[in-house]
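Asks: Sharing a structure here in structure tokens format.
Read-outs: derived from the displayed coordinates by stated rules, not from any lab. All values derive from a computational prediction rather than experimental measurement. For neighbour counting, all protein chains shown are included, and Cβ atoms are generated from backbone atoms with ideal geometry for every residue, glycine included.
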Amino acid sequence: MRISPHLAQELRTFRILTGVCLMDIELARTFLVVVETRNFVRAAEELHVTQSTVSARIRSLEDQLGRDLFIRNKAGVSLTSAGELFKRHAATLVHVWQHAKSEVEIPEGYSDVVSIGARFGLWNPILLRWLAWMREHHPMIAIQAELGMSDTITKRLADGTLDIAVIYSALNLPALKAEPLFLERLLLVSTKPKEKKVLPDNYIHVDWGADFQQKFRLAFPDQLGHGLKINLGVLGLSFIKENDGAAYFPERLVREEIEECTLHVVLEAPVITFPAFLVYPTDNGDPSISTAIDSLKRVTKEEFDQDHLLSARSRE
């Protein structure tokens, strides 16, 4: 097993500058959770420790740095100017440590490891095709592929246990960059061939994230609740196929069913669009992560170019 030269140099630099040890990593991770939650009590719940433990860790970190990192008040906490400066370094520190742990655990014969996470609807088919592309063109890079909901993936990004993520919301997290990867286009489809209602009575609400929820509320302001709400797209699709119903799905996921007339577009319903974001470290110097990012952009472009071509042909 060996660590890539770039990562080894990063670790040496951090040891020199900060005297990195396992406790330092835990302090930095605790700091980032407090930044995210803005509250010591909620941070303790996230970390599964007591509030006094969180307070002690933050005091220890402030003592080491010689600066107050948080302003405490009854409403919670906010960052001082020193805390704002430390935020980015803490995220980088945790990410480098987590990546180092991943690298030393890779199987014999691989040169590096990259971890990536996304929810199921984004894995199939785009990221699955990217996995195949990576195995063919970069077989020496081991891939750790994670499936999860948006909040779980966000936490994994924040604590440095994921290198890359594809999610439906742009994150404002330290040391991470979010850029649009593609525009998702959601259609309301029904098992009924000629659905007359804009929002059918047997509508099933599939949760595609905060952007979708906001645009759905704007499109249907009178819809105050849902008889059935599902947070996993593949489950919602299976349900309406077996039990009849209507729901919003990405066009790329239901194109085959629409062409085969097993699902039908509700023509009067608005099309809901929002971007999917590619999220990765801002100061990324790891060549394997850069390779994974570049190839993901390439495979996504090819996938959507092919989708547009198929759509054009189907309309001819």
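Asks: Mind jotting down a quarter of the surface of the convex hull over the alpha carbons of segment 225-289, in square nanometres, one decimal?
Replies: Values: hull surface 30.0 nm².
Average projection, Cα convex hull of segment 225-289: 7.5 nm².
Asks: Also, I was wondering about something else. For the residue pair ALA82 and GLU268, what label-to-label distance in nm results when each label sits 7 Å from Cα along the Cα-to-beta-carbon direction?
Replies: In this crude spin-label approximation the distance works out to 6.4 nm.
Asks: Relative to the present Cα-Cα distance, how much length would full extension add between GLU242 and GLN64 at 0.36 nm per residue of separation?
Replies: Working: separation 178, 0.36 × 178 = 64.08 nm, distance 6.01 nm.
Stretched out fully, the GLU242 to GLN64 stretch lengthens by 58.1 nm.
Asks: Round to the nearest 0.05 the FRET efficiency obtained for ARG129 and ALA219 when R0 = 30 Å and r is the Cβ-Cβ distance. Before the final figure, lay out each step's value.
Replies: Values: r = 31 Å, r/R0 = 1.04.
The value I calculate is 0.45.
Asks: If each residue's Cβ is checked for other Cβ atoms within 10 Å, how do VAL189, VAL33 rank with the fewest at the top? Before the final figure, lay out the partial values.
Replies: Numbers: VAL189 25, VAL33 21.
Taking fewest neighbouring Cβ atoms as first place, the list is VAL33, VAL189.
Asks: Once you sort the root eigenvalues of the Cα gyration tensor of segment 183-274 as a ≥ b ≥ c, which label holds: rounded (a/c under 1.5), prolate (a/b larger than b/c) or oblate (the other case)? Intermediate values should be presented prior to the final figure.
Replies: Details: a/c = 1.35, a/b = 1.25, b/c = 1.07.
Rounded, because the longest to shortest axis ratio a/c is under 1.5.
Asks: Mind checking which lysines have their Cα closer than 24 Å to the Cα of LYS197? Skip sequence neighbours fewer than 8 apart in that chain.
Replies: Candidates past the 8-residue exclusion: LYS215, LYS229, LYS241.
Asks: Still on this structure, I have one more. Between the DSSP loop rule and a limit of at most 16 other Cβ atoms within 10 Å, which GluC sites (Glu not before Pro) in segment 225-267 are left? Kindly include the intermediate steps, with their values, before the conclusion.
Replies: Working: sites: GLU242, GLU251, GLU256, GLU257, GLU259, GLU260; in loops: GLU260.
For GluC sites (Glu not before Pro) across segment 225-267 that sit outside H, G, I, E and B with at most 16 neighbouring Cβ atoms in 10 Å, the list reads GLU260.
Asks: Which FRET efficiency value, to the nearest 0.05, do you get for THR50 and GLU146 by plugging their Cβ-Cβ distance into 1/(1 + (r/R0)^6) with R0 = 45 Å? Before the final figure, lay out the partial values.
Replies: Values: r = 29 Å, r/R0 = 0.65.
Once rounded, the FRET efficiency stands at 0.95.
Asks: Also, quick follow-up: For CYS261 and ASP305, FRET efficiency with R0 = 25 Å and r from the beta-carbon atoms, rounded to 0.05? Before the final figure, lay out the partial values.
Replies: Values: r = 26 Å, r/R0 = 1.02.
My answer for the efficiency is 0.45.
Asks: OK, next. Restricting to segment 183-274, what percent of DSSP beta bridges are antiparallel, rounded to 5?
Replies: Values: 10 of 13 bridges.
DSSP beta bridges in segment 183-274 are roughly 75 percent antiparallel.
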